[in-house]
Amino acid sequence: MASIAVRQTSMIERIFSIEIARVTERAAVAAARLRGRGAEKKSDQAAVDAMRRELGNLPIDGTVVIGEGEMDEAPMLFIGERLGTKFGPKVDIAVDPLEGTTLCAKNMPGAIATLAMADEGALLHAPDIYMDKIAIGPGYPKDVVDLDAPGDENIRSLAKAKGVKPEAITAMILDRPRHAELIAAVRKAGAAVSLITDGDIAGVIHTARPDRTGIDIYLGIGGAPEGVLAAAALRCIGGQMQTRLIVDTDEKRERTARMGIKEPRKKYRIEDMVRGDCLFAATGVTDGPMLSGVKFDKSVIETETVVMRSVTGTVRWIRAEHRRVDKF
Ligand code: VTB
């Protein structure tokens, strides 16, 4: 009896790995219609509406744990919102319907629609505050780099573990004034720095395939919700990540406590942010190094989506042609 139940659960979970692609596809198409219009809020809202509509059709009893904000500040996909038909497994859902609203508004590379799903209680309920992050790909000894070590030291440790000179290492970092010192330290160690204007979920994912992306390590401070989504992706494809919430005001301390976080200064690893198996999906909105953006043809809309499943580590790249253009 128990084994039938287990088989059914894993079958449902396998089916969801395709179903969640539908959700991010719809969100990406909705946002892509507004690419390059300088309309950050509008394109985000379009992605939110589409994602929420599609999630509502899934046979899940889902709760949004990473969403558009707390209940009073976000009308849709707010943290705590229940989604799905309710007839199905209890799951946590983390969403970023449009990661890189500015990239979409300016039609710059790298905007994506993204989502992660895990068993109820498995995902860290991160408030929308900053988070310090460090991530590397698979195949290295545990904790070879350390969130609390200086940037140059991490570059040297990583280079040694990879068996190369620091000059052969490339770090990806968000281009922000707050990272000036970090960038200088990484360069001082001899490594190259690849700067991005937005989009650190993709930034972290890049580290999982350094041979293809040229990125060995992701460093710096970005959004905490994006950190949890990135951790879900790395849980599926392998790699290491360490993070810490930046709780530097009373207001943030309160919000963090309200999310149920008891140790706000804790250094999180992937298994602390995603405590169990998960699914991750992302669809390109604008063309980017990881995913192609949505292409609109007269009768067909093309999307590219990556779906990952931690149970097996399978990564699927789904290029879809949607014929019912009117349905999107
Ligand atoms: C990052 C990045 C996002 O926010 O998390 C960043 O991944 C952090 O915030 O795409 P700041 O912009 O305040 O530095 C985004 O750029 C936008 O959500």
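The values are calculated or read from the model by the stated rules, or taken from the named source; none is laboratory data. Since the structure is predicted, the reported quantities are computational estimates derived from the model, not experimental observations. So basically every Cβ, Gly included, is an ideal-geometry build from the backbone, and we count neighbours across all protein chains shown. Please note that ligands, DNA and RNA were not included when accessible areas were found on the heavy atoms of the full protein model with its side chains. Shrake-Rupley method; radii C 1.70, N 1.55, O 1.52, S 1.80 Å.
Numerical summary
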quantity: Residues (open to solvent by less than 10 Å² (accessible area, probe 1.4 Å) and either in contact with a Cys (Cβ under 9 Å, 6 or more places away or on another chain) or more than 26 Å from Gly80 (Cβ to Cβ) (or both)) located in the range 118-134; calculated: Ala118, Ala122, Leu123, Ile134
quantity: Unmet requirement for Ala111, which otherwise passes all of (1) open to solvent by less than 10 Å² (accessible area, probe 1.4 Å); (2) away from the ligand (no atom under 16 Å from the Cβ); calculated: (2)
quantity: Within the range 52-62, tally of residues that are open to solvent by less than 30 Å² (accessible area, probe 1.4 Å) and either over 19 Å from Ala28 (Cα atoms) or in a loop (DSSP other than H, G, I, E, B) (or both); calculated: 4
quantity: The range 135-159 - residue that is assigned to a loop (DSSP other than H, G, I, E, B) and out of contact with any helix residue (DSSP H, G or I) (no Cβ under 8 Å at 6 or more places or on another chain) and, of those, surrounded by the most Cβ atoms within 10 Å (Cβ to Cβ); calculated: Leu147
quantity: Criterion violated by Gly100 - all others in (1) at negative phi; (2) open to solvent by less than 50 Å² (accessible area, probe 1.4 Å); (3) within 12 Å of the ligand (Cβ to nearest atom) satisfied; calculated: (1)
quantity: Test: residue in the range 32-41 that is within 26 Å of Val311 (Cα to Cα) and within 16 Å of the ligand (Cβ to nearest atom); calculated: no
quantity: Where Ala74 falls short, out of the listed (1) within 16 Å of the ligand (Cβ to nearest atom); (2) of a type in the set (Gly, Ala, Ser); (3) over 15 Å from the mean Cα position of the chain (by Cα); (4) open to solvent by 10 Å² or more (accessible area, probe 1.4 Å); calculated: (4)
quantity: Qualifying positions in the range 160-217 - of a type in the set (S, T, N, Q) and either under 20 Å from Val228 (Cβ atoms) or surrounded by 22 or more Cβ atoms within 10 Å (Cβ to Cβ) (or both); calculated: Thr207
quantity: Residue count for the range 219-243, restricted to those that are polar (S, T, N, Q) and open to solvent by 20 Å² or more (accessible area, probe 1.4 Å); calculated: 1
